[in-house]
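Just so it is clear, none of the values below were taken in a lab; they were calculated from the coordinates. Given the structure is predicted, the values throughout are model-derived calculations rather than measurements. Ideal geometry is used to build each Cβ from the backbone, glycine not excepted, and the neighbour counts take in all protein chains shown.
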Amino acid sequence: MTELPPLPFQARREIILSRLEGGSMVLPAAPVQFMGGDSEYRYRPDSELLYATGWAAPDCVAVLRGFADEDRFVLFVPERDAKAELWTGPRADVEEVCERFGADAVHPLRELAERGPGMLAGGDTIHCRLGASAGCDGVVREALRRGRVQRARKGAGAHVLADPGAVLDGMRVRKDEAEIARMREAARITVEAFRDALPGVRAGVGEWEVEAALESGFRRRGAGGPAFATIVAAGANACTLHYSANGSRIGPDDLVLIDAGAEYGWYAADITRTVPASGRLEGARREAHEVVRRARRAAMAACRPGGTVEEVHGEACRAIAEGLVGMGVVDGPADEVLAEKRHQAFFPHQTSHWLGLDTHDPGLYRDGDGPVRLEPGMVFTVEPGLYFAPGSCPRVPELEGTGIRIEDDVLITEEGAEVLTEGLPADIGVDG
């Protein structure tokens, strides 16, 4: 298994605490999700708690207190319980948690309701996402109640509720070297799994069989699993952007859109390729595939420090509009198509989204100063597409029932951009 640099949790917390100033932050673990009665889904940690602490298990609450002189980072964790551990595995002792995670203090989770409000009431702002944890919601409400009383008498006390993303999102959108190393590995694994799986895309094969080949390829290479629900969409299924049933058989003339990514060290990759079941593309569908590839190249050329995601999208849209005019799908000129947004009937989504711990990672694309400028360390997708649902393209009926998307992962660097998924050609499978 690839050896990667450790994630800098302590350095992150120092930044978080400095940005909290007179406030605090409460980060609960994600709940365990159940299928039916008591059958658990595989656990996926809360990304914000994971980012700030490294805690990747259920039943934990982290409290960060920027205003405090001591106990600035406190964890509330479950105590040892032999009966529970029989079913869910061993838990660490409270003392062991303190040393392993670098907390100033660790308390049993059962003490949160008693200790929590007093720990939070002394600051001015509590950053907590209401609804994420019923227990934390109660603690925050009580802290705000106490803070109001305290503020009336002492002039200081908790009185503002804020989203943790106000502090964390801007940090998460710029990846450090340890994060980038994990994303490179996720991309490498995904590329290799695609290369192994794509020869199995042929007439008569079930979409689910391609899904299984991809996901086994992820796990075989050390990934935790898929970063999101794998899409294998044959023929008209590809015109549904988030199709994930993967329940049809591939037809002999189908184009097959495959959107998948491995998760490695909790970080995601995200690749889409569209390949013909016959191994060869001809006619209008080949031309449409070439249009999407041109849009990809145009968008990639706009990926640079100082640029914006809006510019990346704009370049892709222009190439798509020109292609639609060239294929006779819409009347031109391309500038008019763009101005009237007629291209959106066939390219309805954005070209890019941030990528990281989450497949759609948080972060602003636009702020009060306008579009956010791209900086080294930002990672995002580039994924132009064309979708011709049945009945949508009477001028070129050959295209109806076809969806084409090509997606890669891009890292902004000091010099320009690195395509993390460059190892998988955009035209793979098109010419046999």
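Alpha carbon centre of region 1-53 versus region 275-324: separation in Å?
The two parts, judged by their Cα centres, are 36 Å apart.
What is the sum of charges, Lys and Arg at +1 and Asp and Glu at -1, for the other residues whose Cβ falls under 9 Å from the Cβ of residue 157?
That works out to +4.
So what's Rg/Rh here for the chain, counting alpha carbon atoms and using the Kirkwood radius for Rh? The partial results should precede the final answer.
Numbers: Rg = 24.6 Å, Rh = 23.8 Å.
Rg/Rh: 1.04.
Under a Cβ-Cβ cut-off of 14 Å, what is the net charge of the residues other than residue 66 that fall near it, where Lys and Arg count +1 and Asp and Glu count -1?
Working: positive: 12, 13, 19, 65, 72; negative: 14, 21, 69, 70, 71, 104, 124.
Taking every other residue near residue 66 into account, the sum is -2.
If the label point is 7 Å along Cα→Cβ of residue 219, which residues in region 174-213 have backbone nitrogen under 20 Å from it?
Within reach of a label on residue 219: 186-198, 200, 206-213.
Would you mind checking the tilt of helix 112-121 against the longest principal axis of the Cα atoms of the chain, expressed as 0 to 90 degrees and rounded to 10?
Approximately 90 degrees, to the nearest ten.
Cβ neighbours within 10 Å, averaged per peptide: list 406-414, 10-18 in order, most packed at the top. Let's see the in-between values first.
On the way: 406-414: 21.2, 10-18: 15.7.
Output ranking for 406-414, 10-18: 406-414, 10-18.
Does anyone have the angle between helix 9-20 and the longest principal axis of the chain? Alpha-carbon axes, 0 to 90°, nearest 10?
With rounding to tens, the tilt is 80 degrees.
What angle do you read, to the nearest 10 degrees and between 0 and 90, between the alpha-carbon axis of helix 177-197 and the longest principal axis of the chain?
40 degrees
How large is ³J(HN,Hα) for each residue in region 87-98, as worked out from phi by the Karplus curve 6.51 cos²θ - 1.76 cosθ + 1.60 (θ = phi - 60°), to whole Hz, x for Gly and Pro?
These are the phi-based 3J(HN,Hα) values: 8, 10, x, x, 10, 7, 5, 4, 5, 5, 4, 4 Hz.
If you stretched the chain out fully between residue 56 and residue 414, how much longer would it get, using 0.36 nm times the residue separation minus the C-alpha to C-alpha distance? Display every interim value, and only then the final one.
Working: separation 358, 0.36 × 358 = 128.88 nm, distance 3.21 nm.
Gain on stretching residue 56 to residue 414: 125.7 nm.
Lys and Arg at +1, Asp and Glu at -1: add these up for the other residues within a Cβ distance under 9 Å of residue 407 and post the number. Let's see the in-between values first.
Values: positive: 273, 296, 405; negative: 259, 270, 383, 408, 409.
Overall, the nearby charge balance is -2.
Give the average over all directions of the projected area of the C-alpha convex hull of region 173-419, one decimal, in nm².
Working: hull surface 51.4 nm².
Mean shadow area of the hull around the Cα atoms is 12.8 nm².
What nm value, rounded to one decimal, do you get for the distance between residue 104 and residue 34 when each label is placed 7 Å out toward the C-beta?
3.8 nm
Lys/Arg Cβ at +1, Asp/Glu Cβ at -1, dipole of the chain taken about the Cα centre: which of 252, 424, 10 is farthest positive-ward?
10
So, by mean Cβ neighbours within 10 angstrom, what's the order for 26-37, 268-279, 157-168 with the highest one leading? Present the calculation step by step, with values, prior to reporting the outcome.
Details: 26-37: 15.7, 268-279: 23.5, 157-168: 17.9.
Ranking, from highest mean packing down: 268-279, 157-168, 26-37.
Pop a pseudo-label 7 angstrom from the Cα along the beta-carbon direction at both residue 229 and residue 431 and give the gap in nm to one decimal.
3.7 nm
Once the Cα gyration tensor of region 9-170 is found, what semi-axes does its equivalent ellipsoid get, as square roots of 5 times the eigenvalues, in whole Å, sorted largest first? It would help to have the intermediate numbers written out before the result.
Values: eigenvalues 149, 56, 48 Å².
Sorted largest first and rounded, they come to 27, 17, 16 Å.
What residue among 88, 152, 121 has its Cα farthest toward the positive end of the dipole of region 9-170, where the charges are +1 on Lys, Arg and -1 on Asp, Glu, each on the Cβ?
After comparing all options, I get 152.
Only four residue types carry charge here, +1 at the Cβ of Lys and Arg and -1 at the Cβ of Asp and Glu. Report the dipole size of the chain about the Cα centre in Debye, rounded to the nearest 20.
Numbers: 49 positive and 69 negative charges, 159 e Å.
Computed about the Cα centre, the dipole is about 760 debye.
What FRET efficiency would be calculated for the residue pair residue 142, residue 339, taking the C-beta separation as r and a Förster radius of 35 Å, to the nearest 0.05? List each step's numbers first, then the result.
Details: r = 55 Å, r/R0 = 1.56.
The computed FRET efficiency comes out at 0.05.
Taking θ = phi - 60°, what integer Hz values does the Karplus form 6.51 cos²θ - 1.76 cosθ + 1.60 yield along region 334-343, in sequence order, with x for Gly and Pro?
After applying 6.51 cos²θ - 1.76 cosθ + 1.60, I find 4, 4, 5, 4, 5, 4, 8, 6, 6, 5 Hz.
Given the options 267, 234, 200, identify the residue whose Cα lies farthest towards the positive end of the charge dipole of region 173-419 (+1 on Cβ of Lys, Arg; -1 on Cβ of Asp, Glu).
My answer, from the dipole projection, is 200.
So what's region 352-412 giving for Rg/Rh, alpha carbon basis, Kirkwood Rh from the mean inverse pair distance?
Details: Rg = 16.4 Å, Rh = 14.0 Å.
Expressed as Rg/Rh, it is 1.17.
In whole Hz, what ³J(HN,Hα) sequence does region 227-242 give by Karplus (6.51, -1.76, 1.60; θ = phi - 60°), x for Gly and Pro?
Those phi angles translate into 6, 7, 5, 4, 10, 10, 10, 9, x, 5, 4, 6, 7, 9, 4, 10 Hz.
If packing is taken as the average count of other Cβ atoms within 10 Å, what order do 218-226, 188-196 fall into, highest mean first?
Values: 218-226: 17.3, 188-196: 21.2.
Descending packing order for the listed peptides: 188-196, 218-226.
How far, in nm, would the chain grow between residue 69 and residue 95 when pulled straight, counting 0.36 nm per residue and subtracting the alpha carbon separation?
7.2 nm
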